[in-house]
1. So which of LEU70, LEU114 is aliphatic (A, V, I, L, M), more than 30 Å from ILE2 (Cα to Cα) and at pLDDT 85 or above?
2. Which of the residues spanning segment 45-66 are open to solvent by less than 30 Å² (accessible area, probe 1.4 Å) and touching a residue at least 12 places away in the same chain (Cβ under 8 Å)?
3. For segment 34-44, which positions are open to solvent by 50 Å² or more (accessible area, probe 1.4 Å) and of a type in the set (A, V, I, L, M, F, W, C)?
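The values are calculated or read from the model by the stated rules, or taken from the named source; none is laboratory data. Since this is a predicted model, take the numbers as computed values, not measurements. When we count neighbours, we look across all protein chains shown, and the Cβ atoms used for this are built from the backbone with ideal geometry, even at glycine. Remember, those area values only see protein heavy atoms, side chains included, never the ligands or the DNA or RNA. Shrake-Rupley method; radii C 1.70, N 1.55, O 1.52, S 1.80 Å.
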Amino acid sequence: MIAETVCSAVSVAGLGIAAVTAYRKRFLAAARIAAYSLVPIGLVMTGVVDWLADTAFSPTAWAGFGVLGLSWVLFATTRTVERRRGGGTRKERKAARAAARPEAVAPGASAPSLGQGSRPAARPAPAAPRGDEDFSDIEAILKKHGI
């Protein structure tokens, strides 16, 4: 009974705030506030609030949550035991997993698709700038990468 009264009061207060907001010519915000303020009274009218109140204060409901928790613990325990028995040692399980799934990438996929012979001829290195800066280290890196 108290939950229905509180939800009704919250809805009325929200609708009052929506009316003041609409009076200030902010109709979009007023419609949004009205939508939010109608949610609690809608929950009361559908019976969700009664169901929640009955569940929260019911020893049977809490016992049901306990049974669900026990069920989850049993599932987790049996799965752990099954994993430990099924594959032997960790190395054996890893080997079985590796053998079961195919390689996603071909072994030579990291090699360049063009061989060494199909590279264009090396261009002559441009003349070094005559300024004070020394770009020899940058040139060495670029040559290393074939640029």
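1. On the way: LEU114 fails: at pLDDT 85 or above.
It is LEU70.
2. VAL49
3. In the first step, residues of segment 34-44 are kept if they are open to solvent by 50 Å² or more (accessible area, probe 1.4 Å); the result is 35-36, 38-39, 43.
If the condition is that a residue be open to solvent by 50 Å² or more (accessible area, probe 1.4 Å) and of a type in the set (A, V, I, L, M, F, W, C), then ALA35, LEU38, VAL39, LEU43 are the ones that fit.
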